[in-house]
Amino acid sequence: MSSRTKGYLYDILATGRLIVESTTDKTFDEYQADVGLQHQIERELTIIGEALARIKAIDESLAARITGCDGFIGLRNILNHQYPNINHETIWRTIRTEIPTLIRESEQLLSDNL
């Protein structure tokens, strides 16, 4: 694994942890009412999507080992280019179900290649 790819995985890991930390004690209704938190999470999801797009461009076989890689890249594109169409229920579901998996897989990939 290249140092660039490791750097992107570390970015994903740090950003994913920040998302979890920022939302652990929140309900969906609290998230939906907090525009500042929405913007924070959207920015963090954009970082994750961009990091995954760069990993995929460098090492497609590694990207294939990351659950939902293409979905995160697609979400990044929606957040950047179709922001009026953001579905907050989808974002919340991503936070609760997909981010924990992404964190675990990033940790595993990094530990396998240290």
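FYI, it's all coordinate maths here, none of it is from the lab. These numbers come from a predicted model, not from an experiment. In this analysis, Cβ positions are derived from the backbone assuming ideal geometry, glycine residues included, and neighbour counts consider all displayed protein chains.
A few notes on this one:
- Angle between the chain longest axis and helix 35-58 axis [Cα atoms, degrees, rounded to 10]: 20 degrees
- Between 0 and 90°, nearest 10: helix 69-81 axis offset from the chain longest Cα axis: 50 degrees
- Principal semi-axes of the equivalent ellipsoid, √(5λ) from the alpha carbon gyration tensor of the stretch 30-91, are 24, 10, 10 Å from largest down.
- With K and R counted +1 and D and E -1, the other residues having a Cβ less than 10 Å from that of Arg4 yield a net charge of +1.
- Rounded to the nearest 500, the 222 nm mean residue ellipticity of the chain from helices alone is -24500 deg cm²/dmol, with -39,500 (n - 2.57) taken per DSSP H run of at least 4 residues.
- Principal-axis tilt of helix 3-23 within the chain, Cα atoms, nearest 10 degrees: 20 degrees
- Here the translational diffusion coefficient of the stretch 70-114 follows from Stokes-Einstein with Rh set to the Kirkwood radius across Cα pairs; for 37 °C and 0.692 mPa s it amounts to 277 µm²/s.
- Cβ-to-Cβ counts within 10 Å put Ser106, Ser111, Ser2, Ser22 in ascending order as Ser111, Ser2, Ser22, Ser106, the fewest first.
- Using Cβ point charges alone (K and R +1, D and E -1), the dipole size of the chain about the Cα centre works out to roughly 300 debye.
- Over all other residues within a Cβ to Cβ distance under 11 Å of Ile73, the charged ones net out to +1, with Lys and Arg as +1 and Asp and Glu as -1.
- Relative contact order (%) - the stretch 14-81, alpha-carbon pairs under 8 angstrom, separation at least six: 33 percent
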